[in-house]
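Trainee: Can you read through this structure? Questions will come right after.
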């Protein structure tokens, strides 16, 4: 290699951080040569407050955990790249379209909504790309270790069949991983801050998707239905004491902390009145307690016509024509609904509207599309096998990210970032 070429390469290497800074955003950290900028941090903070709710208070501990998440995200993408794991733009767009569909929007509408809140599409796309790549990486690396035999699955299934009254818990998790033992106290403080946000009304699923280090983050932390015997002991001990809708205190586990939410509880092989599954459509009309009396009075006849609808299609069409935001929800178990919604829909028959409710966000009218009593839960060997695999992959993912963090070269370019991550 000529002296000129070596000099040129050296110049490019030395100039790279300066170019990033010159682009309008200062570099906070360099993670194995990949920069994290002030812009990256600001965008992720906006995404979290937008998706989880304004109840999230971004203090120093939250900023530290968000920055820590960005570091781990870089490491996940780097690890996947080394194994030639590629996530295409089409796959990311497909995941974004699914997300938009779940929120009754098109992809263009989702992107426009993000933009109106100061969030670029790429900010969300990067997070999704990392989640997909990391899930593939963990499966590729640990499939032989995580193998669950037919005999193991059959044994677990028979154990569940013996006790028909076995409780099952619909569980979600947020997993926080410490870089090393020195970070554990800071991590516990971050976990307590997240719990305070959740108690103030922040959305568990959104925080899990943005901050959790488990492979379940891609599904908003959802672990599905789990028996106590399928959970690690530290988690199982806490879950047994939680009621539907409750969130645990930080649970110390190997490598970090978990926050657990119990979304529902059921008994295997049994159903009761609270097991009824309800599908409903809600329309949110643009009038609030602060609206002028004349405005409310003017909309009253139109809303009365919507309330009088007798089919979901008619209800949606009339509500949409009144500029209401329409949302569909399918097959939600009565017991897992928030108290106010449960009381609202419990006595309303299918094909009718529940009593309209005025909220600070608008007037909400709920149309009951369908009510049905589900059949008793019957587990198959495949169900048990899937749960066992998921739990084992989750443990391996936590160990792997901690290993990557302990061996990473993280260079701080900012005193605040250095203090946040205790570098």
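Here, each number is a calculation from the coordinates, and none is a lab measurement. This structure is a prediction, so every number in the text was calculated from the model and none was measured. Note that we place each Cβ from the backbone using ideal geometry, even for glycine, and neighbour counts take in every protein chain shown.
Trainee: Hey, can you rank 93-100, 82-89 by average C-beta count inside 10 Å, highest first?
Mentor: On the way: 93-100: 15.4, 82-89: 11.9.
Result, highest mean first: 93-100, 82-89.
Trainee: In percent, how large is the relative contact order of the chain, given Cα pairs closer than 8 Å and 6 or more residues apart?
Mentor: It rounds to 21 percent for the chain.
Trainee: Could you give me the percent of Cα pairs per 10 Å distance bin for the range 178-281, shortest bin first, beginning at zero and ending with the bin that holds the maximum distance?
Mentor: 13, 42, 33, 10, 3
Trainee: Here's a follow-up. Which FRET efficiency value, to the nearest 0.05, do you get for residue 98 and residue 284 by plugging their Cβ-Cβ distance into 1/(1 + (r/R0)^6) with R0 = 35 Å? Each step should come with its number before you reach the end.
Mentor: Values: r = 23 Å, r/R0 = 0.65.
About 0.95, to the nearest 0.05.
Trainee: Give the relative contact order (percent, whole number) for the range 36-136; include only Cα pairs under 8 Å separated by 6+ residues.
Mentor: 39 percent
Trainee: Determine, for each peptide in 66-75, 404-413, the mean count of other beta carbons within 10 angstrom over its residues, then list the peptides with the highest first.
Mentor: Numbers: 66-75: 22.7, 404-413: 14.9.
So the order, starting with the most tightly packed, is 66-75, 404-413.
Trainee: Please work out the FRET efficiency for the pair residue 136 and residue 308, using the Cβ-Cβ distance as r and a Förster radius of 56 Å; give the result to the nearest 0.05.
Mentor: Details: r = 51 Å, r/R0 = 0.91.
Efficiency computed from Cβ-Cβ geometry: 0.65.
Trainee: Let me ask something additional. Can you quote the Å³ per residue value for the convex hull of the Cα atoms in the range 274-372, rounded to an integer?
Mentor: It comes to 86 Å³ per residue, whole-number rounded.
Trainee: So, one more: Beta carbons within 10 angstrom, averaged per residue: use that to sort the peptides 315-323, 214-222, 146-154, 392-400, highest first.
Mentor: 214-222, 392-400, 315-323, 146-154
Trainee: Applying 1/(1 + (r/R0)^6) with R0 = 41 Å to the Cβ-Cβ distance of residue 407 and residue 90, what FRET efficiency is obtained, to the nearest 0.05?
Mentor: 0.80
Trainee: On to the next question. Using 0.36 nm per residue, how much length does the chain from residue 155 to residue 107 gain when fully extended, once their Cα-Cα distance is taken away?
Mentor: Details: separation 48, 0.36 × 48 = 17.28 nm, distance 4.49 nm.
In short, 12.8 nm is gained.
Trainee: Classify the range 28-84 from the C-alpha gyration tensor, please: rounded if a/c falls under 1.5, else prolate or oblate depending on whether a/b exceeds b/c.
Mentor: Taking the square roots of the gyration eigenvalues as a ≥ b ≥ c, the range 28-84 is prolate.
Trainee: Then there's this: How would 257, 169 line up from fewest to most surrounding beta-carbon atoms within 10 angstrom? Working shown, then result.
Mentor: Values: 257 21, 169 24.
Least crowded to most crowded, the residues run 257, 169.
Trainee: Mind putting together the pair-distance distribution for the chain? All Cα pairs, 10 Å bins, whole percent per bin, short to long.
Mentor: Whole-percent P(r) values from 0 Å outward: 4, 18, 26, 25, 16, 8, 2, 1, 0.
Trainee: Between residue 203 and residue 219, what is 0.36 nm times their sequence separation minus the Cα-Cα distance? Round to one decimal in nm.
Mentor: 4.4 nm
Trainee: What list do you get for 134, 225 if you sort them by fewest beta carbons within 10 Å?
Mentor: Listed from fewest to most nearby Cβ atoms, that is 225, 134.
Trainee: Here is a further query. Contact order normalised by length for the range 274-372, with contacts defined as Cα pairs under 8 Å and 6 or more residues apart; what percent is it?
Mentor: Details: 174 pairs, mean separation 47.5, N = 99.
This gives 48 percent for the range 274-372.
Trainee: How far is it, in nm, from the label point at residue 294 to the one at residue 83 when both lie 7 Å from their Cα along the line to the Cβ?
Mentor: 6.6 nm
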